[in-house]
Every structure is written in C-alpha cells, then in structure tokens.
1. So if I place +1 on the C-beta of Lys and Arg and -1 on the C-beta of Asp and Glu, and nothing else carries charge, what would the dipole magnitude of segment 33-94 be about its Cα centre? I want it in debye, nearest 20.
2. What shape does segment 19-264 take by its C-alpha gyration tensor, where a ≥ b ≥ c are the square roots of the eigenvalues and a/c under 1.5 counts as rounded, a/b above b/c as prolate, and the rest as oblate?
3. Note down the relative contact order for segment 35-167 as a percent, whole number, built from C-alpha pairs under 8 angstrom at least six residues apart.
4. Report ³J(HN,Hα) in whole Hz for each residue of segment 60-73, in order, from the Karplus equation J = 6.51 cos²θ - 1.76 cosθ + 1.60 where θ = phi - 60°; Gly and Pro get x.
5. Take every DSSP beta bridge whose two residues both sit in segment 19-264, then give the antiparallel share in percent to the nearest 5.
6. Among the lysines, which fall within straight-line cross-link reach of K215, defined as a Cα-Cα distance under 16 Å, with same-chain neighbours fewer than 8 residues apart omitted?
7. Charges only on Cβ, +1 for Lys and Arg, -1 for Asp and Glu: so what's the dipole of segment 19-264 about the Cα centre, in debye to the nearest 20?
8. Please work out how much length the chain gains when fully extended from E209 to L158, using 0.36 nm per residue of separation minus the C-alpha to C-alpha distance, in nm with one decimal.
Amino acid sequence: MRNLITISALGALLLPFVPAELHAQDENLVPNGSFENGDIKRLKNYGQLEEITSDWFAYTDAPLDLFSTDVKSEKVMVPGNAYGYEDPSDGNRYAGFRAHTKSPKLARTYFQVRLAENLAKNQMYCVSFDISLSDLSKYAVNGIGAYFSDRKETQPNLGIVARDPQVKHKTDKVMQLNEGWETLCGTVLGTGTEEYMTIGGFNGTKDLEEEKVKKPKSVMGVQQLQAYYYLDNVSVVPVDAKSQCSCSKSSKHSTGFGVWRSIFAQ
C-alpha cells in the first residue's frame, strides 16, 4: 500500500510538467480546425465547404473549397486534385483559398469561423495555420494572415477584404512553398471581444507582392493565373509567453513530396 501511495503521489507531482503542446490540443478555440467534420459524401465539386460543415463560412460571396481523401471527384480529391498534389497536413482533408487572381472569372476567397469562446482579456494566444501553395498556381503572394473581429462580418461582393490582420508573417514575405506545408503563426493579446477569425489574402494592390513560380516537373496540367493555397490545421490556443508560439514542427514529419518548414510571425 505504501508503494502504491508513493507512485500515486509521484504521478501527481509530474502532472504540472506535461508539455504545453499536449494541452494545446484540448484548448484549441477553432472548431473543426482540420476540416475533418461534416458529411463528406456530398462533396463533388468546388465551393461546397459550407454544404459539408457549418463551422466555417465565407466572408464574401465567393464560395469556399474543400478537399478530401474520401471522394471520387478528381476535382477535389486528396492528394491529387485540379489544383495540384498535396497530402494533408493533419487528418484526411484540407481546405483551399485564393489569395490573389489575375483572372476576371475568379475571386479571392476568405475563411471565417466563430471561435468556441471569445479571446479573454489580457490573455495571450498562439494563432497558427498550415498553408501550401498549389502546384498549378502561376503566382505566390504576400499578405496572408488571420484577422479577428468582435462580430461576424460579411461583404456581399467578390472584392478584396480590406482589413489589417493581427497575425501574419513578421516580414510579410511571399509564401511560395508548394512541396509540403508552411506554418504561419503569431501571437495576439485578447481584449475580451474577439469572437470571429478570418483567414485569407488581405493586401491590396499597393502592398501586394507577387512572384511567378515554376510548376513542379512531377505535376501535369496548365498553371492558372492565381495564387491558390491549401489550408489545414488551424488553431488558436492560450499561451503564457511568445516563446511558446515558435511554430516548431519537430514533432511532425513530411508527407508526399513535401518537407516541413516553419514561418514565424509576430
């Protein structure tokens, strides 16, 4: 009995030293952050994300795309689809947004989500999401970030959302990795009012930087006049210090043709 008590006491002492990243899994304020929930049997084409899940919705009139391993349509399959080839960063699905376009037939797309609860006043949060430039994108751009608001915002058109995201790359660099996933992350200090988060490309013509990218030799198809990014593994978790939001991917491994890289923001 004395040994059992000793072991139990030791376990209790060790509990506070559980790594922070383990707790973060349970504290993520983003519902369906990896797009795994929803009736995937209905997925057959672009723009159906809001039909599959009610957790995410479009900021503008441009519909949102979802991709999955559980479908037969070549347009929205994973890992190979109409925009290129990529394995999921997490789970079996990922979404996709258009951060820039030079085609009059296409528009930027923005993902908006209601957080599980408002960001607490004076609490610091680590905001992160994984992106991968699609193989058939002709361009890569800067201006990608996460914007927080105190209410659900809508823009009844196909225009650019003119907002200043609280989280983006610290140098607002052009995001051009198309083999594997980049993690864009940063910290935000809650005011007690932030209830919604929007992800997309926010830079207007004045601040937009674009770079032409070469199509991977292993991918067939014609490049498209856009910068289209896959999106996965979205999270907002409370932290005590900026050092806990380092975007480290050391616990993950690359899949498919890709490699992991970390993008730091502040």
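Every number in this text was worked out from the coordinates using simple rules, so none of it is lab data. All values reported here derive from a predicted model rather than from experimental measurement. Cβ coordinates were reconstructed from backbone atoms using ideal geometry, including for glycine residues, and neighbour counts include every protein chain displayed.
1. Values: 6 positive and 12 negative charges, 56 e Å.
For segment 33-94, the charge dipole is close to 280 debye.
2. On the way: a/c = 1.36, a/b = 1.30, b/c = 1.05.
Here segment 19-264 falls in the rounded category.
3. Working: 204 pairs, mean separation 32.0, N = 133.
Once divided by the residue count of segment 35-167, the mean separation gives 24 percent.
4. Once rounded to whole Hz, the list reads 10, 7, 7, x, 9, 9, 9, 10, 7, 6, 9, 10, 9, 5.
5. Numbers: 47 of 55 bridges.
For segment 19-264, the DSSP antiparallel bridge percentage is about 85.
6. Output for K215: K138.
7. Working: 28 positive and 32 negative charges, 183 e Å.
Here the size comes out at about 880 debye.
8. Numbers: separation 51, 0.36 × 51 = 18.36 nm, distance 2.04 nm.
Once the chain is fully extended between E209 and L158, it gains 16.3 nm.
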